[in-house]
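The structure appears right after this line, and notes come after that.
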Amino acid sequence: MKHDSSASASRRRFLGHALATGASVLAAGRALAQPTKSAPVTAAADAGAPIAPGAQPAPAPSHPSLALPPLPYAPNALEPYISANTLSFHHGKHHKAYFDKTNTLIAGTPLQGKSLDEIVKSTAKHKQHQKLFNNAAQAWNHNFYWQSMKPGGGGSPTGTLKQRIEKDFGSYDEFKAQFAQVAVDHFSNGWVWLVLERNKLKIVDTHDADTPLVHGLKPLAVSDVWEHAYYLDYKNARKDYVSAYVDHLLNWDFVAQNLG
């Protein structure tokens, strides 16, 4: 009988232990079945992670690109002297390409976010920045060129500006002759400018992308003598193109504004 009592006690201890273990397992299972509360996703989370309702993603750093300005007149406004076809290629393709390349070259550099003027002036005369200068200066020169023309422009200026032309060139006809001659004599691609130097009006030419902006001269107006500016309308007759520019397109209001 003593042996049987010991065995019964052992069985009771075993069953009690088993029941306790089962209860623990059951409790753990219930805990695992309960949904857990995850921490809300914040704006600082990885960009590929889902955004919690109401959370706003962190704003990206702002590095505005240089934008191609629209033409200051309708594409056909300069006809018949410069066609809408020429402007569509010249402004929409050539000029845009200079802006696109400039934006590519300044991306991720200290010049990103700077004005076009600042980029041109800071890269001039630095060989290591020649490619950037060429594209930025061409973008700047074209901006100035579009403003140097207007529908119904050209011919002799009036008032104070006419007096300045006559004082520094002798007459409007002499100014026109000199401007045309500089343009015709200019070899290859470039620009012909009316500038102010030491309070005197002068006509100068620059090659390729070069600009008076980096030579201490004050630009007043410019004619583009790269072939893409006139070839569709005038073929190789640069003289006819420049004559049309001076007689019918030159924006004397813009010149007067730049003179101040």
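What follows is calculated from the coordinates using simple rules that are stated; it is not laboratory data. Here the structure is a predicted model, which is why all the values come from computation and not from measurement. With ideal geometry, Cβ positions are generated from the backbone for all residues, glycine too; neighbour counts draw on all protein chains shown.
Along the Cα→Cβ direction, 7 angstrom out, place labels at residue 118 and residue 187. What is the inter-label distance in nm?
Calculated label separation equals 3.8 nm.
For residue 239 and residue 127, what does the FRET efficiency come to when R0 = 51 Å and r is the distance between their Cβ atoms, rounded to the nearest 0.05? Could you put the intermediate results ahead of the total?
Values: r = 35 Å, r/R0 = 0.69.
Here the calculated transfer efficiency is 0.90.
Work out the length of the dipole vector of the stretch 84-259 about its Cα centre, built from +1 on the beta-carbon of each Lys and Arg and -1 on the beta-carbon of each Asp and Glu, and round it to the nearest 20 debye. Intermediate results must be reported in sequence, preceding the final value.
On the way: 20 positive and 18 negative charges, 90 e Å.
Roughly 440 debye for the stretch 84-259.
Report the trypsin sites (Lys or Arg not before Pro) located in the stretch 111-159 that are in a DSSP loop and have at most 12 other Cβ atoms inside 10 Å of their Cβ, or state none.
125
Under the Karplus relation 6.51 cos²θ - 1.76 cosθ + 1.60, θ = phi - 60°, what is the ordered set of whole-Hz ³J(HN,Hα) values for the stretch 252-260, x standing for Gly and Pro?
Rounded to whole hertz, the list is 5, 5, 5, 4, 4, 4, 6, 5, x.
Enumerate the calculated ³J(HN,Hα) couplings along the stretch 119-132 in order (Karplus 6.51 cos²θ - 1.76 cosθ + 1.60, θ = phi - 60°), each rounded to whole Hz, writing x wherever the residue is Gly or Pro.
Going residue by residue, I get 5, 4, 5, 7, 9, 4, 6, 10, 4, 5, 10, 4, 5, 5 Hz, with x marking Gly and Pro.
For a quick check: sort 243, 65, 223 by the number of other beta carbons within 10 angstrom, fewest at the front. Write out the running numbers ahead of the final one.
On the way: 243 19, 65 14, 223 26.
Going from least to most buried by this count: 65, 243, 223.
Skipping prolines and chain starts, which residues have an amide H placed within reach, meaning under 5 Å, of the one on residue 197, given they are 5 or more residues away or on another chain?
202
Give me 238, 198 sorted ascending by neighbouring Cβ count inside 10 Å, so fewest comes first.
On the way: 238 19, 198 8.
So the residues, fewest neighbours to most, are 198, 238.
Report the one residue of 116, 91, 250 whose Cα lies farthest in the direction of the positive end of the charge dipole of the stretch 84-259 (charges on C-beta: Lys and Arg +1, Asp and Glu -1; origin at the Cα centre).
116
Rg and Dmax in Å for the stretch 183-245, alpha carbons only: what are they?
In order Rg, Dmax, the Cα atoms of the stretch 183-245 give 12.1, 38 Å.
Quick check for me: using +1 on Lys/Arg Cβ and -1 on Asp/Glu Cβ, what's the dipole size of the stretch 160-231 about its Cα centre, in debye to the nearest 20?
Values: 8 positive and 11 negative charges, 98 e Å.
About 480 debye.
Sort the stretch 139-193 into rounded, prolate or oblate with this rule: let a ≥ b ≥ c be the square roots of the eigenvalues of the Cα gyration tensor; rounded if a/c is under 1.5, and if a/c is not under 1.5, prolate when a/b is larger than b/c, oblate otherwise. The partial results should precede the final answer.
Working: a/c = 2.31, a/b = 1.31, b/c = 1.77.
Here the stretch 139-193 falls in the oblate category.
Tell me, 224, 208 in order of fewest to most beta-carbon neighbours within 10 Å?
On the way: 224 26, 208 14.
Listed from fewest to most nearby Cβ atoms, that is 208, 224.
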